[in-house]
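A short write-up of the structure that comes next.
The values are calculated or read from the model by the stated rules, or taken from the named source; none is laboratory data. Keep in mind that this is a model prediction, so the values were computed, not measured. Here the Cβ positions follow ideal geometry from the backbone for every residue, glycine too, while neighbour counts run over all protein chains shown.
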Ligand SMILES: Nc1ncnc2c1ncn2[C@@H]1O[C@H](COP(=O)(O)OP(=O)(O)OP(=O)(O)O)[C@@H](O)[C@H]1O
Ligand SMILES: [Mg+2]
């Protein structure tokens with residue numbers, strides 16, 4: 001539930017209370033519809049699979065999904081695959097953050113460098129990264145490094161470009177202010193450029209976490225013996241549709257949870273910016 | 001006669017771009033004396049901000065000489081305070097941390113300097129707001145905070161670049177009065193740039209009129225008002241006010257035919 005910000009104005013009048021109540025009722029209703037929709041979807045899926053309206057060998061069914069889930073939890077394989085995928089995603093994501101911050105800072109510091117690199121960055125960013133993955137496997141081998149590099153490659157170029165754009169668009173007069181106070185370039189960076197870009201950086205990160213997950217799954221499709229991407233590709237080749245759909249479902253959850261974590265951070269920070 | 005704290009001698013400044021060279025300031029010569037308050041008025045784009053940037057050492061004159069306290073700008077040890085058009089308080093810092101920004105940059109966060117900050121906060125009514133973010137302050141208070149941010153460094157010369165132009169008319173009158181009094185009280189030599197003629201007259205000892213670009217000095221008009229303890233607000237009631245207004249208005253709008 002959303003916290004209501006304290007204000008100096010009174011929050012106790014009946015009209016105000018009624019208003020808050022009506023808002024709360026509305027949001028509860030929306031939640032109810034959301035759950036209802038899910039239930040309707042799952043039951044109709046289950047019923048049509050049982051009555052042969054859809055082929056449950058291809059389309060699976062909620063009950064099969066559940067039993068796959070339970071067996072995979074019991075033999076520990078599910079946790080293992082999740083761990084692998086999550087680990088690769090988070091390492092990739094961390095590398096993207098650190099790498100793009102460093103490169104964007106270098107570009108900001110040295111305009112010539114950024115001008116020289118600009119067309120290459122734009123090109124690399126536009127490149128469909130899934131085309132890169134097979135090349136990476138040849139170069140780096142079928143291992144975790146490849147998958148992490150693959151995850152980074154999906155996110156990093158766009159991330160650098162966006163952070164750099166944020167850096168150069170800092171209000172010129174704010175930089176002038178630091179200079180009038182006799183600050184040097186490093187102080188401009190530390191006192192104005194980076195802090196004023198924190199919200200921007202967080203929203204870029206929100207996009208990046210999803211992109212890293214995409215990169216990891218692409219990598220696992222091609223170069224892995226473990227991880228959810230591997231389960232999907234292996235499952236689809238051996239017609240274990242339960243495994244495939246379950247992995248996709250879990251990827252959804254992972255993406256959502258990682259996104260929510262960043263959004264929470266953003267909300268916390270927005271009080272200061 | 002006193003020695004001036006700031007000397008301009010035949011200063012020229014040109015901006016360079018690929019397409020052309022813009023002559024922005026031409027043959028500017030004037031002095032600023034200690035404790036004096038000068039205003040520059042002139043049309044938009046005539047080089048007023050450029051002039052202040054020169055004094056602050058942000059840019060270097062194309063030719064001519066600028067001396068601060070008798071020394072070239074680069075070698076001068078005097079402190080220059082510069083207040084920009086907007087307050088540019090940093091939203092992610094509390095008021096207190098905004099005011100200590102200059103000290104932090106100069107690595108002077110010692111006890112005596114911080115004591116000065118506290119005194120200024122108390123004197124100018126921002127003590128209770130020291131821990132809040134800038135967005136909780138009114139426009140006038142923000143401007144005052146921006147002034148204190150420069151006062152903390154005890155400037156010998158204060159540069160004000162249309163510091164009130166972002167405020168609405170009523171607030172503007174009060175804030176200019178407020179800030180004018182603070183400056184008078186602390187006896188800081190000041191250069192104000194403004195579009196507003198009555199603001200210029202009411203605050204200054206001298207008004208210098210610039211022509212349109214390339215900015216040259218068209219007229220220098222000393223302001224002598226026959227009232228005791230003048231403040232920006234009371235100055236407006238001086239009997240000579242109207243006369244000065246017309247005189248400066250005339251100078252601003254005079255055709256600069258001799259330039260062509
Ligand atoms: N960085 C720059 N490069 C090139 N030309 C510039 C630059 N900054 C200013 N100029 C030009 O120099 C002239 C003077 O600019 P300046 O900002 O000093 O004017 P101003 O008198 O402060 O104007 P305003 O009243 O609008 O603030 C303008 O015509 C402007 O186009
Ligand atoms: Mg200007």
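Computed quantities for the displayed model
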{"item": "Residue match in the stretch B:201-220 (condition: within 16 Å of ligand 2 (Cβ to nearest atom), within 14 Å of chain A (Cβ to nearest Cβ) and either outside any loop (DSSP other than H, G, I, E, B) or surrounded by fewer than 22 Cβ atoms within 10 Å (Cβ to Cβ) (or both))", "result": "no"}
{"item": "Qualifying residue in the stretch B:26-49 (condition: outside any strand (DSSP E or B), within 14 Å of chain A (Cβ to nearest Cβ), under 26 Å from residue B:245 (Cβ atoms) and within 16 Å of ligand 1 (Cβ to nearest atom))", "result": "yes"}
{"item": "Any hit, the stretch B:51-58, residues being free of Cβ contacts under 8 Å to residues at least 24 places away in the same chain and more than 16 Å from ligand 2 (Cβ to nearest atom)", "result": "yes"}
{"item": "Wholly within the stretch A:13-117, helices (runs of 4 or more DSSP H) carrying at least 1 residues that are without any contact (Cβ under 8 Å) to a residue 12 or more places away in the chain, under 26 Å from residue A:147 (Cβ atoms) and within 29 Å of the chain's Cα centre (by Cα)", "result": "A:62-74, A:77-109"}
{"item": "Qualifying positions in the stretch B:55-65 - within 14 Å of chain A (Cβ to nearest Cβ), more than 19 Å from residue B:34 (Cα to Cα) and in contact with a helix residue (DSSP H, G or I) (Cβ under 7 Å, 6 or more places away or on another chain)", "result": "B:58, B:59"}
{"item": "Candidates A:242, A:215, A:229, A:210, filtered to the one that is part of a helix (DSSP H, G or I), over 21 Å from residue A:101 (Cα atoms), touching a residue at least 24 places away in the same chain (Cβ under 8 Å) and under 20 Å from the mean Cα position of the chain (by Cα)", "result": "A:229"}
{"item": "Counted residues, the stretch A:165-179 - those being in a helix (DSSP H, G or I) and surrounded by fewer than 22 Cβ atoms within 10 Å (Cβ to Cβ)", "result": "9"}
{"item": "From B:160, B:151, B:197, residue being modelled with pLDDT of 90 or more and under 20 Å from residue B:11 (Cβ atoms)", "result": "B:160"}
{"item": "In the stretch B:160-183, the residues that are within 14 Å of the chain's Cα centre (by Cα) and within 16 Å of ligand 1 (Cβ to nearest atom)", "result": "B:160, B:161, B:162, B:163, B:164, B:165"}
{"item": "Index of the failed condition, residue B:105 passing every other in (1) away from ligand 2 (no atom under 16 Å from the Cβ); (2) in contact with a helix residue (DSSP H, G or I) (Cβ under 8 Å, 6 or more places away or on another chain); (3) under 22 Å from residue B:184 (Cβ atoms)", "result": "(3)"}
{"item": "Enumeration of residues in the stretch A:160-180 that are at the interface with chain B (Cβ under 10 Å from one of its Cβ atoms) and under 16 Å from residue A:198 (Cα atoms)", "result": "A:171, A:174"}
{"item": "Qualifying residue in the stretch B:147-159 (condition: within 16 Å of ligand 1 (Cβ to nearest atom) and within 15 Å of the chain's Cα centre (by Cα))", "result": "yes"}
